[in-house]
Amino acid sequence: MLSPDLIDTLGAELAEATRQRSMLPRITARHPEAEVDDSYAIQRAWRERRLAEGRSIIGRKIGLTSRAMQLATGITEPDYGIMFDDTVWHDGDEIPTARFANTRLEVELAFVLKSPLEGEGLTIDDVLDATEHVTPALELLDSHFELEGRTIVDTISDNAAYGGLILGGRPVGPRELDLRWIAATLSRNGAIEETGVAAGVLGHPALGVAWLAAKLAQHGDRLEAGEYILAGSFTRPVWFSAGDTAVADYNDLGSISCRFV
């Protein structure tokens, strides 16, 4: 376990790296004794600094819920992070790469809640009952720790590598479709780089939301009405650079496109 002073120092270090778009040596390389509880404490210290700068929370992201993402990262358990109001884009927007240390995209579904969710043991039906609608979404990943050799401690501390949320496509009611079988492709400059189906997220994307509610309960927190919840990627991340165009095609649910500048 890390001391409170060290946790605060690491949170401040991450906040500065976020402002400077810079990369840091892994926490686990410098402090191998760090545990998962330490990493969430570091994330909270980072979050409090972001809130003090005037940001507001608009939702949460869940990461590493699919086998594809676990294989891509070498990390075998989910994690979560916070989404802020200044990190949201929409279909057709230009994404400024200078805002990030690095840019990768993942294909996901976002749940928009109409009522709070809290506690352990929630079912798929509990999550769907609390959901206003589900919408196609892309998550932009932005890491501030060196990528090679990362552990779950490093990714959680780094706000689960969250950089941005890109919304588009056609929202649907939580029971309008069998969410497991929503599929999508992700293209870079016209070439399909990744394909996936939402069942890749723990068998049903709503189970990612249930997992998050249970995890937050351990920290005395809950999911609130109005929040966006990124349920987890069902593709591996694809790298993008300035000048690249991304298109995620969700078939009947429309598409999301953006250009990196």
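At least 1 residues that are closer than 15 Å to residue 62 by Cβ in each: list the strands (runs of 3 or more DSSP E) lying fully within the stretch 114-230 that qualify. Steps first, please.
Details: elements: 131-141, 162-167, 183-188, 191-197, 228-230.
Hits in the stretch 114-230: 131-141, 162-167, 228-230.
How many residues are assigned to a strand (DSSP E or B) and either of a type outside the set (Gly, Ala, Ser) or modelled with pLDDT of 90 or more (or both) if we restrict to the stretch 46-83? First the steps, then the outcome.
Start the filter on the stretch 46-83 by keeping residues that are assigned to a strand (DSSP E or B), which leaves 57-63, 66, 79-83.
Right, trim to either of a type outside the set (Gly, Ala, Ser) or modelled with pLDDT of 90 or more (or both) and you get 57-62, 79-83.
Counting residues in the stretch 46-83 that are assigned to a strand (DSSP E or B) and either of a type outside the set (Gly, Ala, Ser) or modelled with pLDDT of 90 or more (or both) gives 11.
Against the definition (small (Gly, Ala, Ser) and at pLDDT below 95), how does residue 168 come out, yes or no? Steps first, answer last, please.
Working: small (Gly, Ala, Ser): yes; at pLDDT below 95: no.
Taking the combined requirement at face value, the residue does not satisfy it.
Can you name the residue in the stretch 24-58 that is among the hydrophobic types (A, V, I, L, M, F, W, C) and closer than 14 Å to residue 162 by Cα and, of all such residues, is surrounded by the fewest Cβ atoms within 10 Å (Cβ to Cβ)? Full working, then the answer.
Taking the stretch 24-58 first, the residues among the hydrophobic types (A, V, I, L, M, F, W, C) are 24, 27, 29, 34, 36, 41-42, 45-46, 51-52, 57-58.
From what's left, closer than 14 Å to residue 162 by Cα: 46, 57-58.
On the way: 46: 27, 57: 14, 58: 16.
The selected residue is 57.
Condition first: assigned to a loop (DSSP other than H, G, I, E, B), hydroxyl-bearing (Ser, Thr, Tyr) and either loosely packed, with under 14 Cβ neighbours inside 10 Å or touching an Asp or Glu at 6+ places or on another chain (Cβ under 8 Å) (or both). Now tell me which residues in the stretch 231-261 satisfy that. Break it down into steps so the answer makes sense when it comes.
As a first pass, look at the stretch 231-261 and keep what is assigned to a loop (DSSP other than H, G, I, E, B): 231-237, 240-244, 250, 254, 261.
Applying the additional criterion that residues be hydroxyl-bearing (Ser, Thr, Tyr) yields 233, 235, 241, 250.
Of everything in the stretch 231-261, those that are assigned to a loop (DSSP other than H, G, I, E, B), hydroxyl-bearing (Ser, Thr, Tyr) and either loosely packed, with under 14 Cβ neighbours inside 10 Å or touching an Asp or Glu at 6+ places or on another chain (Cβ under 8 Å) (or both) turn out to be 233, 235, 241.
Tell me whether the stretch 211-228 contains one or more residues that are surrounded by fewer than 17 Cβ atoms within 10 Å (Cβ to Cβ) and within 23 Å of residue 99 (Cβ to Cβ).
For the stretch 211-228, residues surrounded by fewer than 17 Cβ atoms within 10 Å (Cβ to Cβ) and within 23 Å of residue 99 (Cβ to Cβ): absent.
Looking at 128, 109, 216, 117, can you tell me which residue is more than 19 Å from residue 253 (Cα to Cα), of a type outside the set (Gly, Ala, Ser) and out of contact with any Leu (no Cβ under 6 Å at 6 or more places or on another chain)? Spell out the reasoning first.
Values: 128 fails: more than 19 Å from residue 253 (Cα to Cα); 109 fails: more than 19 Å from residue 253 (Cα to Cα); 117 fails: out of contact with any Leu (no Cβ under 6 Å at 6 or more places or on another chain).
None of the other options fit; the residue is 216.
The values are calculated or read from the model by the stated rules, or taken from the named source; none is laboratory data. Everything numeric here is computed off the predicted structure, so don't read it as measured data. Don't worry about glycine lacking a Cβ; one is built from the backbone with ideal geometry, like all the others, and counts go over all protein chains shown.
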